[in-house]
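Participant: Would you mind keeping the following structure in view while I ask a few things?
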Amino acid sequence: MRPQGLWRFLGLNKRSSTRCFLPAGPGRQSIRNLTSAPRVPDFAFAFDIDGVLLRSSKPIPGAAESLALLKREGIPFILLTNGGGKHETERVAEISEKLQVPLDADVIIQSHSPFAEMVQGTETQSALENKRVLVVGGDGNRCREVAERYGFQNVVTPGDIFMANSSIWPFSKPFSDYYKTFARPLSHTGDATDPTKGLKVDAVLVFNDPRDWALDAHIIVDLLLSSQGALGTLSEKNGRTDLPNRGYQQDGQPPIYFSNPDLWWAAAYSLPRLGQGGFREALEGTWSAITGGPSKGVELQKTVIGKPSQGTYEYAENQLLRNRARAFGFNSPNPLRNVYMVGDNPESDIRGANSYRSAHDSQWHSILVRTGVYLGGEPAWTPKTIANDVLKAVEWGLQHSKWQPR
Ligand SMILES: [Mg+2]
């Protein structure tokens, strides 16, 4: 899924819209009168996936019916998940197959989808298209492949660095066979005996849960302590009390982005397992031990996206607006007023929807379902309503927006 600025997309849509195909002029009005004009809903839905549509990869009753109903009614929706690790097209194909509802890749937003915007740059991050990015996490080469499909041209992984010089973390030697399957040679750094020496990294993108925490954490720490993001160097500014953050991350080190804040995730094991948030906490603990941490006024400067962050909801809303523009034309009569966020996790889905402030004046309503992690009782974040399952949630939303299904 290649990202495009909203304005650019809308401009493109204006030319290619499938709804605005009638030429302007008197004929257009008369044809319109002969056909029933499509109803344009001023609302949309956003669904979490795990615990709402699927559970342990199996469809939750009512999920397929809900999406089929919305498609039939022409009501836009997106799937907003903190999951990831594969490209949006692959993920959406899996969900389509499981639910037996055809879906386009532009309805899904995974935790790392917003990273795609950094290829061309954002308000806070200059373009990374041709910069070297360290992609961390996920199975084998999969996240590198996703990053490359987003448009990043120069992606390295901790596995590449390890295979170029395993002494960077000798305790990963038992995993050599794994890394061998996908590691790529590092581009030349001028040191033939150690290609990692001086390798400059411009940004660290934690795409998915790291598989080899120690190697990944160590390389990240090396970069955060480096001068100008060059591996094998140490910044002279580290520890300087006259500088902000005691001199740490003040010397051109790469910014670090985490795609998902979840401490836990529900897996096949009887108890929840540590998620990407667990890795981040471990890294932050190590960082504190190295730098003195908050007691010395040092923090790990980082960006964390994924639900419940404002940025992820903003990205989701922009995607909804693009999809609406494609469906209803550039000058749709009804702006988007209400979005119903259906989720099973109070901490991410409900909190995110409740806290989100839209730049487009839409109102987000949280609906908590009972088919996932929420097991009853007083939720940590109070939803607008609680529904037994996704179909009940959709019915609630339709009623709230006074929409009569055909
Ligand atoms: Mg969930």
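Participant: Looking at 215, 225, can you tell me which residue is within 30 Å of residue 89 (Cα to Cα) and out of contact with any Cys (no Cβ under 7 Å at 6 or more places or on another chain)?
Facilitator: Details: 225 fails: within 30 Å of residue 89 (Cα to Cα).
Result of the check over 215, 225: 215.
Participant: Tell me which residues, restricted to the range 381-392, are within 14 Å of the ligand (Cβ to nearest atom) and either part of a loop (DSSP other than H, G, I, E, B) or surrounded by fewer than 18 Cβ atoms within 10 Å (Cβ to Cβ) (or both).
Facilitator: Within the range 381-392, 381, 383, 389 meet the criteria.
Participant: Only one residue in 311, 285 is outside the structural domain of residue 134 (by TED's automatic domain parsing) and surrounded by fewer than 20 Cβ atoms within 10 Å (Cβ to Cβ), so which one is that? Even if it seems obvious, please write down each step before you answer.
Facilitator: Working: 285 fails: outside the structural domain of residue 134 (by TED's automatic domain parsing).
Going through 311, 285 in turn, the sole match is 311.
Participant: Another question, if that's okay. Can you tell me which of (1) closer than 18 Å to residue 256 by Cα; (2) in contact (Cβ under 8 Å) with a residue 40 or more places away in the chain; (3) aliphatic (A, V, I, L, M) is the one residue 53 doesn't meet?
Facilitator: (1)
Participant: In the range 68-93, how many residues are part of a helix (DSSP H, G or I) and within 16 Å of the ligand (Cβ to nearest atom)?
Facilitator: Going residue by residue through the range 68-93, those that are part of a helix (DSSP H, G or I) are 68-73, 88-93.
The next check asks that each one be within 16 Å of the ligand (Cβ to nearest atom); those that pass are 91.
The total comes to 1.
Participant: Still on this structure, I have one more. Name the residue, out of 278, 247, that is within 23 Å of residue 306 (Cα to Cα) and without any contact (Cβ under 8 Å) to a residue 40 or more places away in the chain. Give the steps one after another, and end with the answer.
Facilitator: Details: 247 fails: within 23 Å of residue 306 (Cα to Cα).
Answer to the check: 278.
Participant: Residue under question is residue 217, and the condition is that it be in contact with a helix residue (DSSP H, G or I) (Cβ under 7 Å, 6 or more places away or on another chain) and under 30 Å from residue 349 (Cα atoms); does it hold?
Facilitator: Numbers: in contact with a helix residue (DSSP H, G or I) (Cβ under 7 Å, 6 or more places away or on another chain): yes; under 30 Å from residue 349 (Cα atoms): yes.
Taking the combined requirement at face value, the residue satisfies it.
Participant: While we're on this one: Consider residue 218 carefully, then state whether it is more than 20 Å from the chain's Cα centre (by Cα), at pLDDT below 95 and surrounded by fewer than 23 Cβ atoms within 10 Å (Cβ to Cβ).
Facilitator: no
Participant: Hey, another quick one. Mind checking whether some residue in the range 229-236 is over 22 Å from residue 283 (Cβ atoms), assigned by TED's automatic domain parsing to the domain that holds residue 125, surrounded by fewer than 16 Cβ atoms within 10 Å (Cβ to Cβ) and of a type outside the set (Lys, Arg)? Please lay out each step first, then the result.
Facilitator: Step one: list which residues in the range 229-236 are over 22 Å from residue 283 (Cβ atoms), which gives 236.
Narrowing further to those that are assigned by TED's automatic domain parsing to the domain that holds residue 125: 236.
Retained after the next criterion (residues that are surrounded by fewer than 16 Cβ atoms within 10 Å (Cβ to Cβ)): 236.
If we keep only those that are of a type outside the set (Lys, Arg) as well, we get 236.
Scanning the range 229-236 turns up at least one residue that is over 22 Å from residue 283 (Cβ atoms), assigned by TED's automatic domain parsing to the domain that holds residue 125, surrounded by fewer than 16 Cβ atoms within 10 Å (Cβ to Cβ) and of a type outside the set (Lys, Arg).
Participant: Need a quick list: helices (runs of 4 or more DSSP H) entirely within the range 254-371 having at least 3 residues that are in contact with a strand residue (DSSP E or B) (Cβ under 9 Å, 6 or more places away or on another chain) and closer than 30 Å to residue 219 by Cα.
Facilitator: In the range 254-371, the matching helices (runs of 4 or more DSSP H) lie at 276-291, 310-328.
Participant: Return a yes/no flag: does the range 125-141 have any residue that is touching a strand residue (DSSP E or B) at 6+ places or on another chain (Cβ under 7 Å), part of a helix (DSSP H, G or I) and basic (Lys, Arg). It would help to see each step written out before you state the result.
Facilitator: At the first step, the residues of the range 125-141 found to be touching a strand residue (DSSP E or B) at 6+ places or on another chain (Cβ under 7 Å) are 128, 130-137.
Next, from what is left, pick out any that are part of a helix (DSSP H, G or I): none.
Within the range 125-141, not a single residue is touching a strand residue (DSSP E or B) at 6+ places or on another chain (Cβ under 7 Å), part of a helix (DSSP H, G or I) and basic (Lys, Arg).
Participant: Hey, does the range 239-254 have a residue that's crowded, with 20+ Cβ neighbours inside 10 Å and closer than 25 Å to residue 86 by Cβ?
Facilitator: Within the range 239-254, one or more residues are crowded, with 20+ Cβ neighbours inside 10 Å and closer than 25 Å to residue 86 by Cβ.
Participant: Checking the conditions here, which among 273, 326 is of a type in the set (D, E, K, R) and touching a residue at least 24 places away in the same chain (Cβ under 8 Å)? Don't jump to the end; show me each part of the working.
Facilitator: Details: 273 fails: touching a residue at least 24 places away in the same chain (Cβ under 8 Å).
Result of the check over 273, 326: 326.
Participant: Out of the range 328-354, which residues are closer than 26 Å to residue 389 by Cβ, surrounded by fewer than 20 Cβ atoms within 10 Å (Cβ to Cβ), more than 16 Å from the ligand (Cβ to nearest atom) and not polar (S, T, N, Q)?
Facilitator: 337
The values are calculated or read from the model by the stated rules, or taken from the named source; none is laboratory data. Because the structure is predicted, anything quoted here is derived from the model rather than measured. Note that each Cβ is placed from the backbone with ideal geometry, even for glycine, and that neighbours are counted across all protein chains shown.
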